[in-house]
Structure formats: C-alpha cells, structure tokens
Amino acid sequence: MSWIYLIIAGCLEIGFTTCLKLSNNFSNLKWGLGFLICATMSFVFLNKATLTLPLGTAYAVWTGIGAVGTVLVGIIFFKEPISFWRVFFITTLILSILGLKFIAENKV
C-alpha cells in the first residue's frame, strides 16, 4: 500500500507544479487554491508512504515522479522544447526510480 501512496503523492506533486504555473504568481485564485490542495495532499500521502518505506527511497521516488510528470506536462501542454538529451535524461530518471523500487522491495 505504501507504494500506492507514494505514486499518488508523486501525481499530486505534478498537480501542484502545474497549478503553480497556471496560478500566474498566485493571482489566479482557482489555480492558487489547486496548488495548496495538491501540495498539502501530496505531503500527506508522502508521509503515509514513509511510515514503511525508507525515507531516502520514498523522497527520491516522489521527486522523480514529480519531475518526470512535470517535464511531460510542460512538453505536452505548455509546448516546452523536447530534445534528444532531455528525453535521454528523463529516461535515466525513470530507470533510476524503477531501480530504487526494485532495491527497496528486494533489499539488495
């Protein structure tokens, strides 16, 4: 269940970074409120995940999910540039997240 909490927390991190962008420096109340809700809930679920997962692993996976998702949101919705190196490093980040999950589950 902790991994599910962690994935939810990471998805909420994508939500709060997206809301942050759309809030226009918190001048748009709807997106500013969305930021506060997503950020709060992201930390709640991260906290639940760290009750049983190693703190360092949980934090790395949480930020990794958020980083990958936020880059993808930027590319898809905000027309941010995409390049070979950007895709390469996002791919290595995804592989690192999967590696941390594998190590945490198998205690290698």
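Readers should treat all values here as calculations from the given coordinates under stated rules, not as data from a laboratory. Nothing here was measured: the structure is a model prediction, and the numbers come from that model. As a convention, Cβ positions derive from the backbone with ideal geometry for all residues, glycine included, and neighbour counts pool all protein chains shown.
Below, the figures for the structure above:
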{"item": "Some residue of the range 33-41 being closer than 21 Å to LYS101 by Cα and not hydroxyl-bearing (Ser, Thr, Tyr)", "result": "no"}
{"item": "Matching residues, the range 12-25, being in a helix (DSSP H, G or I) and touching a Phe, Trp or Tyr at 6+ places or on another chain (Cβ under 9 Å)", "result": "LEU12, GLU13, GLY15, PHE16, THR17, THR18, CYS19, LEU20, LYS21, LEU22"}
{"item": "Per-region count, the range 21-38, residues within 19 Å of the chain's Cα centre (by Cα), farther than 17 Å from ILE7 by Cβ and not aromatic (Phe, Trp, Tyr)", "result": "8"}
{"item": "Every residue from the range 61-77 that is in contact with a helix residue (DSSP H, G or I) (Cβ under 7 Å, 6 or more places away or on another chain) and either surrounded by fewer than 17 Cβ atoms within 10 Å (Cβ to Cβ) or more than 26 Å from ILE4 (Cα to Cα) (or both)", "result": "VAL73"}
{"item": "In the range 10-60, residue farthest from ALA104 (Cα to Cα) [restricted to those that are aromatic (Phe, Trp, Tyr) and buried (at least 19 other Cβ atoms within 10 Å of the Cβ)]", "result": "PHE35"}
